[in-house]
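Participant: Encoded as structure tokens, here's the structure I'll be asking about.
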Amino acid sequence: MTTDHNSIRPWRSIERRKSRKIWVGDVPVGGDAPITVQSMTNTLTHDVKATIAQIRELEVAGADIVRVSCPDEASSAALKEIVPEVTVPIVADIHFHYKRGIEAAKNGAACLRINPGNIGSADRVKEVIDAAKDNNCSIRIGVNAGSLERDLLEKYGEPCPDAMVESAMRHIQILEDHDFYNFKISCKASDVFMACAAYQQLAEACDYPLHVGITEAGGLRSGTIKSSIGMGNLLWAGIGDTIRVSLSADPVEEIKAGFDILKSLGLRHRGVNVISCPSCARQQFQVIDTVQKLEERLAHITTPMTLSIIGCVVNGPGEALMTDVGLTGGGNGNHQIYIGGDKAHRFHEGDADIVDHIVKMVEEKAAEINKQSIAAE
């Protein structure tokens, strides 16, 4: 029996919000396209070597899109060297300096992240939009609760969902007035409730693709939890076409967390999804240590598949029926291995290393899945 990764049970189906499709370089966002996962470099962009190295790390982790900050002319100029050396489309993060947006578009950026309201006069906004048009560059309108326009803060008294959505709609109007529609929108806040409410309102107010995230979420652990609650809420409701988990951590961790969130909702699958028990006195092998080692050893596999690691027979056989590879702990160091939901063989501790054995089983199953996928095409 082989797990069908494409089957969706009615009780866990998510109906995604219908949005128009745009392109960030050669990556589609919105419409029927897969939800993309992105991150942002934290190197000095004008340090070309360091920035390219970090982007390549993000590519290996599975990033679909990577954003870089362009606060000065040296940074926007560096794109001319960076873009040809990487495979993912690059988004240039632009604030206040309209010339940086023009330079970034000319130097290879696939998308510009701007707030039309903070880059100057109407003429300057038009110049940036024209540069995007001339260079086949999309735009992301980036609304943030921490940088709302002064008049909106005066109107509403404080950052709130209504103010954020009004800001977004104002910026949408600017782009539409210039006959530009190749854009997506974000409406971020560090407050989970505010962000979710803003995105829910914005999802009803327009059909443009939405870049979803909880901004300034925090460190690796707390930020991942906060992002999972907020983004999971929105994605469950079908809202979100591209995501970024904002963490004060290695950007690679943002990509890992993003894919884990999507995998948990059945929205996208990449790599091995490990299903494991928390362990207890019934465990017949060291579950926690085994899982930690397996997650490290299996990080290179991109094939969507599932692996169950269960310490005893209470839930082990049942979980193994639903995974591609399974390990259930048995007495006297005699454990059961499952492949494709069927009993495959017993594993006897002492014959070999349990982690090495599971890695071998997973790699063989991944190769089989890939072969079947190619044959089906």
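Participant: Express the carbon and sulfur contribution to the solvent-accessible surface of region 270-377 as a percent, rounded to the nearest whole number, probe 1.4 angstrom.
Facilitator: Percent of accessible area from carbon and sulfur atoms in region 270-377: 50.
Participant: What FRET efficiency do you get for Asp162 and His95 if R0 is 22 Å and r is their Cβ-Cβ distance, rounded to the nearest 0.05?
Facilitator: Step by step, r from the Cβ atoms, then E = 0.40.
Participant: When the Cα centres of region 274-327 and region 212-240 are compared, how far apart do they sit, in Å?
Facilitator: 26
Participant: Order the peptides 261-267, 90-96 from the highest to the lowest mean number of other Cβ atoms within 10 Å of their residues. Write out the running numbers ahead of the final one.
Facilitator: Details: 261-267: 17.3, 90-96: 22.7.
Result, highest mean Cβ count within 10 Å first: 90-96, 261-267.
Participant: Also, quick follow-up: When every alpha-carbon pair in region 147-251 is counted, what percent end up more than 16 Å apart?
Facilitator: Distances greater than 16 Å cover 58 percent of the Cα pairs.
Participant: Could I ask something else about it? Over all directions, the average projected area of the alpha-carbon convex hull for region 7-113 comes to how many nm²?
Facilitator: About 8.1 nm², averaged over all directions.
Participant: So if I place +1 on the C-beta of Lys and Arg and -1 on the C-beta of Asp and Glu, and nothing else carries charge, what would the dipole magnitude of the chain be about its Cα centre? I want it in debye, nearest 20. If you can, show how the numbers build up before the last one.
Facilitator: Details: 39 positive and 50 negative charges, 95 e Å.
For the chain, the charge dipole is close to 460 debye.
Participant: Given Cα pairs under 8 Å that are at least 6 residues apart, what percent is the relative contact order of region 286-377?
Facilitator: It rounds to 22 percent for region 286-377.
Participant: Rounded if a/c is under 1.5, else prolate if a/b is larger than b/c, else oblate: which is region 151-195, with a ≥ b ≥ c the root eigenvalues of its Cα gyration tensor?
Facilitator: Oblate is the answer for region 151-195, as a/c is 1.5 or above yet b/c matches or exceeds a/b.
Participant: May I ask you to list the lysines whose Cα is less than 29 Å away from that of Lys360, ignoring any residue fewer than eight positions away on the same chain?
Facilitator: The qualifying lysines are Lys256, Lys263, Lys293, Lys343, Lys371.
Participant: Modelling each spin label as a point 7 Å along the Cα-to-Cβ direction, I'd like the Asn118/Arg150 distance in nm, to one decimal.
Facilitator: Between Asn118 and Arg150, the simple spin-label model gives 1.4 nm.
Participant: Within region 106-197, what whole-number % of the accessible surface is contributed by carbon and sulfur, with the 1.4 Å probe and all protein chains included in the calculation? Walk me through the numbers before you get to the answer.
Facilitator: Numbers: 1810 of 3920 Å².
Using a 1.4 Å probe with all protein chains present, region 106-197 comes out at 46 percent carbon and sulfur.
Participant: Also, I was wondering about something else. In percent, what relative contact order does region 36-134 have, based on Cα pairs under 8 Å that are 6 or more apart in sequence?
Facilitator: RCO, region 36-134: 23 percent.
Participant: Based solely on its DSSP helices, what 222 nm [θ] is calculated for the chain when runs of n ≥ 4 H residues each add -39,500 (n - 2.57) and the sum is averaged over all residues, nearest 500 deg cm²/dmol? Don't skip to the answer; put the middle values down first.
Facilitator: On the way: 12 runs with 154 residues, N = 377.
Here the helix-only value at 222 nm equals -13000 deg cm²/dmol.
Participant: Cross-link partners among aspartates and glutamates for Lys49, C-alpha distance below 12 Å, same-chain residues fewer than 8 apart left out?
Facilitator: Candidates past the 8-residue exclusion: Glu81, Glu85.
Participant: How much length is gained if the chain between Asp32 and Leu265 is pulled fully straight, taking 0.36 nm per residue apart and subtracting their Cα-Cα distance, in nm to one decimal?
Facilitator: 82.2 nm
Participant: Further question on the same structure: Once you order the gyration tensor axes a ≥ b ≥ c over the Cα atoms, which shape class does region 278-343 get: rounded for a/c under 1.5, otherwise prolate or oblate by comparing a/b with b/c?
Facilitator: Oblate, since a/c reaches 1.5 and b/c is not below a/b.
Participant: Here's something else I'd like to know. When a/c is below 1.5 the answer is rounded, else prolate if a/b is larger than b/c, else oblate, so apply that to region 69-206 with a ≥ b ≥ c taken from the square roots of the Cα gyration tensor eigenvalues.
Facilitator: prolate
Participant: Please state the equivalent ellipsoid semi-axes for region 70-139: what are the square roots of 5 times the Cα gyration tensor eigenvalues, largest first, in whole Å?
Facilitator: Equivalent-ellipsoid dimensions as semi-axes: 19, 12, 9 Å.
Participant: Can you work out the accessible area per residue across region 233-377, with the rest of the protein chains kept in place, probe 1.4 Å, in square angstrom? Intermediate results must be reported in sequence, preceding the final value.
Facilitator: Details: 6910 Å² over 145 residues.
Result: 48 Å² per residue.
Participant: Can you give the FRET efficiency to the nearest 0.05 for Arg20 and Val274, using r as the Cβ-Cβ distance and R₀ = 56 Å?
Facilitator: On the way: r = 36 Å, r/R0 = 0.65.
Efficiency computed from Cβ-Cβ geometry: 0.95.
Participant: Each label point is 7 Å from the Cα along the Cα-to-Cβ direction; what then is the distance between the points at Lys80 and Val192, in nm?
Facilitator: 4.7
Participant: Using Cα positions and a limit of under 21 Å, work out the lysines in reach of Lys133, with same-chain residues fewer than 8 apart set aside.
Facilitator: Lys21, Lys80, Lys99, Lys106, Lys184
Participant: Find the relative contact order for the chain and round it to a whole percent, using C-alpha pairs within less than 8 Å whose residues are 6+ positions apart.
Facilitator: Contact order relative to length: 14 percent.
Participant: So how far apart, in nm, are the two label points at Lys106 and Leu44 if each is 7 Å from Cα heading toward Cβ?
Facilitator: If labels sit at Lys106 and Leu44, their model points lie 2.4 nm apart.
Participant: What does the convex hull of the alpha-carbon atoms of region 328-377 project to on average, in nm²?
Facilitator: Over all viewing directions, region 328-377 projects a mean Cα-hull area of 3.7 nm².
Participant: Share of antiparallel DSSP beta bridges in the chain, in percent to the nearest 5? Please list the in-between numbers first.
Facilitator: Numbers: 13 of 49 bridges.
Counting DSSP beta bridges with both partners in the chain, the antiparallel share is about 25 percent.
Participant: To the nearest Å, what is the center-to-center distance of region 254-269 and region 53-100, using C-alpha atoms only?
Facilitator: Centre-to-centre distance over Cα atoms comes out at 23 Å.
Participant: Follow-up question, since we're still on this one. Could you give me the radius of gyration and the Dmax of the chain, taking only the C-alpha atoms into account and expressing both in angstrom?
Facilitator: 23.2, 77
Participant: While we're here: Given R₀ = 41 Å, FRET efficiency for Ile374-Glu176 by Cβ-Cβ distance, to 0.05?
Facilitator: Once rounded, the FRET efficiency stands at 0.40.
Participant: Whole-Å semi-axes of region 239-377's equivalent ellipsoid, largest first, each the root of 5 times a Cα gyration tensor eigenvalue?
Facilitator: Equivalent-ellipsoid dimensions as semi-axes: 27, 19, 14 Å.
Participant: Amide H of Arg113 versus every other amide H placed in the peptide plane: which residues, excluding those fewer than 5 positions away on the same chain, fall under 5 Å?
Facilitator: It is Ala92, Asp93, Ile94, Arg140, by chain and number.
The values are calculated or read from the model by the stated rules, or taken from the named source; none is laboratory data. For clarity, every value in this text was computed on a predicted model and none was experimentally measured. FYI the Cβ positions are ideal-geometry reconstructions off the backbone, even for glycines, and counts take in every protein chain you see. Side chains are part of the model used for accessible areas, which takes the heavy atoms of the whole protein and leaves out ligands, DNA and RNA. Shrake-Rupley method; radii C 1.70, N 1.55, O 1.52, S 1.80 Å.
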